[in-house]
Amino acid sequence: MFKNKIQYILIFLFCFQILLAQQPQKPNSVEIYNHIQKLNFLGSVLYIAAHPDDENTRLISYLSNEKKARTGYLSLTRGDGGQNLIGPQLRELLGVIRTQELLEARKIDGGEQFFSRANDFGFSKNPDETLEIWDKEKVLSDVVWAIRKFQPDVIINRFDHRSAGTTHGHHTASAILSTESFNLTNDANVFPEQLKLVQTWKPKRQFFNTSWWFYGSKEKFDAADKTNLTTIETGVYYPNLGKSNQETAALSRSSHQSQGFGSTGSRGEESEYLELINGEKLNNTANIFEGIDTTWNRVPGGKPVGELLSQIASKYDFSNPSSSISELSKAYLMIQSLNDNHWKALKMREIEKIIADCSGLYLEAVSSNQEATPGSLVQLKLEAINRSSIDMQLVSVTTLPTQKNTVFNKLLKKNNSENIALDLQLPSTIEYTQPYWLKEKGTVGMYTVADQKNIGIPDIIREVKVIFNVQINGIKIPFERAVVYKYNDKVKGEMYNYLDIVPEVTTSIPDHVSFFNNENKKPIAVKVKAGKDNIKGNLQLELPRNWSVSPQSIPFTLDKKGMEQLFYFEVTPPVKPDEAIAKSIVIVDNKRYEKDQIIIDYPHITKQQILKPAEAKFIKLDLKINNQKIGYIMGAGDEVPEGLTQMGYRVTLLNPDEITPEKLESFDVIITGIRAYNVLPTLENKQKILLDFVKSGKTMIVQYNTPDDAIPADISPYPLKISRDRVTEENAEVRFLAPNHPILNYPNKITAKDFEGWTQEQGLYYPNEFDKAFTPILSSNDKGESPTNGALLVAPYGKGYYIYTGLSLFRELPEGVPGAYRLLSNMISLKAPVSVPSQNLKN
């Protein structure tokens, strides 16, 4: 219930900026011309950093669009450990979202996207910890692999490899690995197993992309000696596009919606600065490609290709791009005849697309359904239309993965659409559609990818495709298209999704965490969803033997594909406290199905299917609660309300615009979600009402916010300053500063055991300055650091209590950490103010 409401609240945020991410690109005449220019530039740059949103989109856009260089971004992680401003998805699900946001960003700025197997396990304060959790050797292998595969002439690091401890440990680690790789990629003795698929490679030079941020302030950077820095003027204007480079970069940056990085474009002069850290020095510090042949001359026999492409560009007719096809066809054959393993393949793909774009050739393979199961028959509708005067013929169509070739030999007359029905029989062995890096179980720091060829591929690997073999000017050219599903939305118009291969049946346990406070049996809902028509089988709920489940099996029948049905098992917990993983299993024709289908569908990215084990955590524990009624103000998106409901509380989601004194009268406790004051500007206007609510004898619990200008001065009834202090070691010792305070004693006795089993981090953005009215409850710190006392602050105000906490409850509750639930119950259960002995602490 809460998840649907949350998504409803958040979806409207996107209604004016839908990108329709899945729709095919249809370049205009200017864009085609730019692609022809890029076809004639054979230089490459690889930008390397740690996370999505670390990349410098201004520099990537400049190198791709102004210099026409092949420009890639290697993000070592997929951003799994960050926070999510658009929904409740965290960890690997957030990584899926941020992966897609990066792909959308690259569509805008012209770059290409790559990843390593490193898992973003959360904030790290030093690179040593990062490289230990990541498995340094494996991630180093991935960086070397990416360089050998991409073959960059120039590498640019976002971060400084010499600045350990001054920034996120992942940041510095990315620079360390990149710098080490520079002298390893050309050594055949380093990761020799890769050389079955790629060759050694030696980049020309490597830079660190410095800026004022690394100097501490703009004033210090302005005053610094930049004599030895390479200066790149990125503030260029693209008159044929009507945009400045910064405006293009801002659009790219704004793709990172889950991180809240919407950017406003700027215009005018702007510079980027690069410090040479490896490779040949520059005489002309404005040209990072100095000494690198970026023409077709670098490919044996390629000089005539470059000369022809220069002529094509000079004669290009913006009003009739198809006039270039005859010469482009000659260039196509010339490239095809070259003896080269790298640039030939890249430029063949580029020129094929350019020829299609110049002719207005539109090719599409549409499925009648968005989902299909292995072994099923997929009905396709093929469309092929030539919108030029060039002679074309659809020779044949090859369907993948079956490799079946169907001959048509249809003449594609100008502007005459050919619509062809074609059946595609899927193999029974075809794999389900899902992020390949989530297919096998990984570790805290690494994803498991068994196939070396797949490492670094940014997106889901889709097997179902159609190759249109089209003869243009007597030349047969294959054009590959992924099979899509499209439909018309009455509001948004034409909508696209890819065809997904789904299991015949999926199952899930809707409550991912269930509590048992006594020995009584409890009904547990389990959902079954049909992936095809006429599914009959038996549903089972598997638990350890000390847990009792009734019935042992439930038969079911689902007549139609897409049908869902809830079934209920009665579960009796053991007598003693225990934790168990419950598994939902479906048996159909003696075949076992145990996957939960998770769909991530936001307007700004491609719809994603994730298949996870259909599991939930069952906990028998001593959890005492009182009967408070809670109002929850959702912030950036979390699953805390679901956790509160599971505990037994009555929870209502509150819209800040609707907050009035009368509206709050019925509640005992108000809780603000994570980063609520960062993302809800109207909340500031309601602050007096909220504090009056506390003064009247109620409780307000404020979860973490990040320090920025959006935070109101009166976020609390007393002075309080939010800092960037955090405890990233989830197992760090927790010391009780006020052991007799009710929040540690009622209704649950909190002990050190309640802080065992926490995940990713203890907390973040703790206040480091606060009024003496606050009682700090907890103290902890990462190894080698001073204690932080701002994790949980409690202050009486009027007749009630105000609580501020940076504890990562939003991570712990969905993971079923018992101590987090017990402590939250105590926070909710605070009564009228009590006398608490003063603490001799430095505030």
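None of the figures in this text is laboratory data; all of them are computed from the coordinates on show. No experiment lies behind these values; they were computed from the predicted model shown. With ideal geometry, Cβ positions are generated from the backbone for all residues, glycine too; neighbour counts draw on all protein chains shown.
Structure notes:
- For Val305, Val734, order by how many other beta-carbon atoms lie within 10 Å, fewest first: Val734, Val305
- Each label point was placed 7 Å from the Cα along the Cα-to-Cβ direction; for Ser211 and Val588 their separation is 5.0 nm.
- Sparse packing (at most 14 other Cβ atoms within 10 Å of the Cβ) combined with a DSSP loop state is found for the following GluC sites (Glu not before Pro) in the stretch 380-438: Glu431.
- Multiplying the residue separation of Met348 and Asn520 by 0.36 nm and subtracting their alpha-carbon distance yields 55.1 nm.
- Percentage relative contact order, the stretch 657-729, counting C-alpha pairs under 8 Å, at least six apart: 35
- Bridging of Lys202 to lysines at a Cα separation below 22 Å is possible for Lys67, Lys68, Lys136, Lys138, Lys149, Lys281, Lys344, Lys347, Lys453, once same-chain residues fewer than 8 apart are set aside.
- Candidate aspartates and glutamates - alpha carbon under 19 Å from Lys404, same-chain residues fewer than 8 apart omitted: Glu364, Glu383, Asp423, Glu431, Glu463, Glu480
- Lys576-Lys629 FRET efficiency (beta carbon distance; Förster radius 51 Å; 0.05 resolution): 0.95
- Here the simple spin-label model places points 7 Å from the Cα toward Cβ, and for Asp489 and Thr398 these points are separated by 3.6 nm.
- Tail beyond 23 Å, pair distance distribution of the stretch 272-365 (Cα, percent): 43
- Residues Trp758, Trp212, sorted so that the one with the fewest Cβ neighbours within 10 Å comes first: Trp212, Trp758
- Residues in the stretch 787-804 that a label on Glu733 would reach, taking backbone N under 20 Å of a point 7 Å out along Cα→Cβ: 787-792
- If you take the Cα centroid of the stretch 436-470 and the Cα centroid of the stretch 61-108, the two points sit 16 Å apart.
- Percent RCO, i.e. relative contact order, over the chain, from Cα pairs under 8 Å lying at least 6 residues apart: 10
- Rg then Dmax, both in Å and based on the Cα atoms of the stretch 406-492: 18.9, 57.
- From its DSSP helices (H runs of at least four residues, each -39,500 (n - 2.57)), the chain gives a residue-normalised ellipticity at 222 nm of -6000 deg cm²/dmol.
- Here Asp708, Asp578 are placed in order of increasing Cβ neighbour count within 10 Å, fewest first, which gives Asp708, Asp578.
- Nearby lysines by direct alpha-carbon distance to Lys772 (threshold 24 angstrom, same-chain neighbours under 8 apart not counted): Lys688, Lys695, Lys698, Lys721, Lys799, Lys831, Lys842
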